[in-house]
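In what follows, a single structure is set out as structure tokens and then discussed.
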Amino acid sequence: MGNRIGVFTHRAAGGRLDAFGDTTVLMITAPGRRTGVPRSTMVRYLEHDDGYLVWGTASGAPRDPDWFRNLRHTSRARIEIGRDAQDVDIEELTGPERDRVWRDVVLARAPGVARYERKAGRVIPVARLTPVRSA
């Protein structure tokens, strides 16, 4: 229910309400892994290395959120930051790279998310979203 409200608010306000202090969110739309139907959700992000990082805490739930599970089944998604929309390539970070980015970027810039990892008792997945450049 909360996600539907977030997506509705994003669309109705044209993205003007997508930041809360230093917390920024984007809307990501990717095909559902079973249905192929486009699914949109609002997720927190950080700008990093000419792209964006997103992570799937699911507020500390024991399993990865559905939106992140959908990302694993596609190589491209559409994001909206404010009024700007763009296609992005998706790369899930794994192993030492994921651990470094989680520690040195995500936790360094958004330390509050550490509580979700503790609560979840799982490795929080991280993905890099890289804007698709026009040819």
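The values are calculated or read from the model by the stated rules, or taken from the named source; none is laboratory data. Remember, it's a predicted structure, so these values are computed and weren't measured experimentally. Positions of Cβ are backbone-derived with ideal geometry, glycine not excepted, and every protein chain shown enters the neighbour counts. When the accessible area is computed, the model is the full protein with side chains, heavy atoms only, and any ligands, DNA or RNA have been set aside. Shrake-Rupley method; radii C 1.70, N 1.55, O 1.52, S 1.80 Å.
General remarks:
- Candidates Thr41, Thr94 - the one that is in contact (Cβ under 8 Å) with a residue 12 or more places away in the chain and either open to solvent by 40 Å² or more (accessible area, probe 1.4 Å) or of a type in the set (S, T, N, Q) (or both): Thr41
- Residue ID - farthest from Val54 (Cα to Cα), chosen from residues in the stretch 99-135 that are of a type in the set (A, V, I, L, M, F, W, C) and loosely packed, with under 14 Cβ neighbours inside 10 Å: Ala135
- Note on the stretch 96-123: among residues that are touching a Gly at 6+ places or on another chain (Cβ under 6 Å) and of a type outside the set (D, E, K, R), the one that is nearest to Leu46 (Cα to Cα) is Tyr116.
Okay, residues lined up against (1) at pLDDT below 95; (2) more than 11 Å from the chain's Cα centre (by Cα):
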{"position": "Tyr45", "(1), (2)": "no, no"}
{"position": "Arg78", "(1), (2)": "no, yes"}
{"position": "Gly82", "(1), (2)": "yes, yes"}
{"position": "Leu93", "(1), (2)": "no, yes"}
{"position": "Asp99", "(1), (2)": "no, yes"}
{"position": "Trp102", "(1), (2)": "no, yes"}
{"position": "Val106", "(1), (2)": "no, yes"}
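- Among the residues making up the stretch 44-83, a single one is surrounded by fewer than 17 Cβ atoms within 10 Å (Cβ to Cβ) and among the β-branched types (Val, Ile, Thr): Thr74.
- Among the residues making up the stretch 27-38, a single one is open to solvent by less than 20 Å² (accessible area, probe 1.4 Å) and in contact with a Lys or Arg (Cβ under 6 Å, 6 or more places away or on another chain): Gly32.
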